[in-house]
Amino acid sequence: MALPDIPPVAGISLKPEHFRSALEARADGLWFEIHPENYMLDGGPRLRWLDAIREVHPLSLHGVAMSLGGPDRPDPQHLANWARLIERYEPVLISEHLAWSALDDVWFPDLLPVPMTRSALDRFCRNVDIMQTALGRQVLIENPARYVRFEGDGDEADFLAETVRRTGCGLLLDVNNLYVGSRNIDLNVQDWLRRIPADAIGEIHLAGHEVDTGLGEPLLIDTHGGPVAQPVWRLFETVIALIGPRPTLIERDTDLPAFGELIAERDRAARRLIPARKSAVAHV
Amino acid sequence: MSRQFYDAFADLVSGVASEPVARRLERPGQADRLAVYRNNVASSAIEALRAAYPVVNALTGPRFFSPMAKAFWRGCPPRTRGLSGYGDGFADHVAGYQPARMLPYLADIARLDRAWLEAHHAVDGPVCRPAQVAMLAPAILADLTPGLHPSARLLDLSWPVHEIWQRHRSGRSIGRDPGLAAQAQSVLVWRPYDEVRSVVLDPGSACFLARLNDGKALASASEHTLARYPDFDPAAAFGAALSAGYLSGAIVS
Ligand SMILES: [Fe+2]
């Protein structure tokens, strides 16, 4: 499947608190990403706000609940809810996670870690395939924020690269998650970037993390609750120098600041994409 | 083998046991880090409940609310994907939550918060406008079955909490303990267009609307109500319903 046709411009996470500002915003190339689960509703103003915003700005649907890395197949009801939203909002990008969150009929509202084993890879690829087939769309898969390694864990980049090879999915490179992993479990960033098929990366996430020093060794926690940290900006620059510009999102889920603050962060990302866009054009 | 990993993890994040997951760590000394997952799952659920029950949270304070919400989550974790509709049944939990027994009306506040959320996200539907029925002959009007708007939620409360709830909802706090006396109160919560509204109903109107909500015709609902509340004025109740906009416009015309 081909990567979706969206120019490498910068967007922000959209929350209901910012609906009016989002509708009125006119920044060049601005796009918005939502969690589709928050729009799986029978009706009401939230859906109509998104109708209006989607008329003005491109949308991305970023799922947090498909549990693709879980032991079970994707939930048919949840797939149907996704399909309805895709039909209604015609998103330019759709994405999910290398994570799991559902077991039997209980849903755990978090992105839980997938063991990086051969059998987990087989199940994950089966589930990505089911999701892409059901929706008729390529899905971008996001790399996880990791806190620990489990015995028998293989290489994360190989796991993702093999998923791309088998399913034709794309990747969503969360630079903050990559950085968090490099600090928490010694992920080798250079090696990771070498092993990842750059052509498959269809979107980049930038988000804030918190440093928890209560456990002795500092633990970086992927909170999406603050501004993007300096080293993450630097890693972002390394990434786009290496792979070229990609649609880039400022991801913020908690401690929501004023809309203008997010736009300022987004403008910072957008400025870093422009030279890369020019040199990408120059290479053609 | 691998199913065991997920079962063990479910036990970890449900707060049942962390040892089975800790045993699988490459570095056993990092078992404390697993708390990140356990905390995320619980706090996502708690924050979703806080957002869904804002007046309960305001009246109890967040420090009281959090353990009450956590106890609910333990018994009733989300069983659908996403948290937008999470928290059905929280009012009953509040009613039975021992530490909240000094606030006996709190469960009714929770019922109002829940009705607001359900009305807010309910399926959209036309509202019955006065012009739709103004021209109908009395005999036809009598047989009309104008159900309630699909967003409407009729509540029979045990405490007269609507005003307190309403004030909190509109940002006007009235302090922690309003000192109420138990007394039945019927409230209708609905969303005619984009904004959720609510109104206190007299017992006759509540009875009348409940019949209409069951699909009964205007005449039959009126008779039923008059038999119980001889002072009930069907024309006035119907007129109020039309002008406020809580009858469904999806009626035969
Ligand atoms: Fe992300």
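Below is a table of values for the structure above.
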quantity	calculated
Chain A shape via C-alpha gyration tensor axes, a/c threshold 1.5	rounded
Per-residue [θ]222 nm for chain A (sum of -39500 (n - 2.57) over DSSP H runs n ≥ 4, rounded to 500)	-13000 deg cm²/dmol
Dipole of chain B, positive direction: furthest Cα of B:Gln166, B:Leu242, B:Ala221, with charges on the beta-carbon	B:Gln166
Chain A: DSSP helices with Cα axial extent of at least 27 Å and average Kyte-Doolittle hydropathy no lower than -0.5	A:259-283
Calculated SAXS-style log₁₀ I(q)/I(0) at q = 0.08, 0.13, 0.16 Å⁻¹ - chain B, Debye, Cα scatterers	-0.44, -0.88, -1.13
Dipole magnitude of the stretch A:10-283, debye to nearest 20 (Cβ charges: Lys/Arg +1, Asp/Glu -1, about Cα centre)	960 debye
Max mean-square fluctuation residue, GNM over chain A, Cα-Cα springs under 10 Å, options A:Phe259, A:Phe150, A:Phe159	A:Phe150
Choice from A:Pro197, A:Pro16, A:Pro36 showing the highest fluctuation, given a GNM over chain A with Cα pairs closer than 10 Å	A:Pro16
Binned Cα-Cα distances of the protein assembly as shown, short to long, each 10 Å bin given as a whole percent	3, 16, 24, 23, 16, 10, 5, 1, 0
14 Å reach of a label modelled at A:Arg126, 7 Å along Cα-to-Cβ, counting backbone N of the stretch A:58-72	A:68-72
Among B:Glu47, B:Glu223, B:Glu19, residue whose mean-square fluctuation peaks in a GNM of chain B (springs only between Cα atoms under 10 Å)	B:Glu19
Relative counts (whole %) of C-alpha pair distances in the stretch B:1-103, using bins that are 10 Å wide	14, 40, 27, 15, 3
Contour minus Cα-Cα distance for B:Gln98 and B:Ile140 (0.36 nm per residue)	9.8 nm
Dipole in debye (nearest 20) - the protein assembly as shown, about Cα centre, beta carbon charges: Lys, Arg +1; Asp, Glu -1	380 debye
Residues with amide H under 5 Å from that of B:Leu157, placed H, sequence gap 5 or more	B:Gln185, B:Ser186, B:Val187
Whole-number percent relative contact order across the stretch A:22-145, with pairs defined as alpha carbons under 8 Å at least 6 apart	26 percent
Within-13-Å neighbourhood charge of B:Gly75 [Cβ basis; K, R +1; D, E -1]	+1
Given charges at beta-carbon only (K, R positive; D, E negative), |dipole| of the stretch B:123-253 in Debye	340 debye
Degrees between helix B:234-244 axis and first principal axis of chain B (Cα, 0 to 90, nearest 10)	50 degrees
Helical contribution to [θ] at 222 nm, DSSP H n ≥ 4, -39,500 (n - 2.57), averaged over chain B, rounded to 500	-15000 deg cm²/dmol
For residues of A:36-44, the mean tally of beta carbons on other chains within 10 Å	6
Cut-off under 5 Å, modelled amide H: who pairs with A:Val64 long-range	A:Glu37
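Each reported figure results from applying straightforward, stated rules to the coordinates on display, with no laboratory input. This is a predicted model, so every value here is computed, not measured. As a convention, Cβ positions derive from the backbone with ideal geometry for all residues, glycine included, and neighbour counts pool all protein chains shown.
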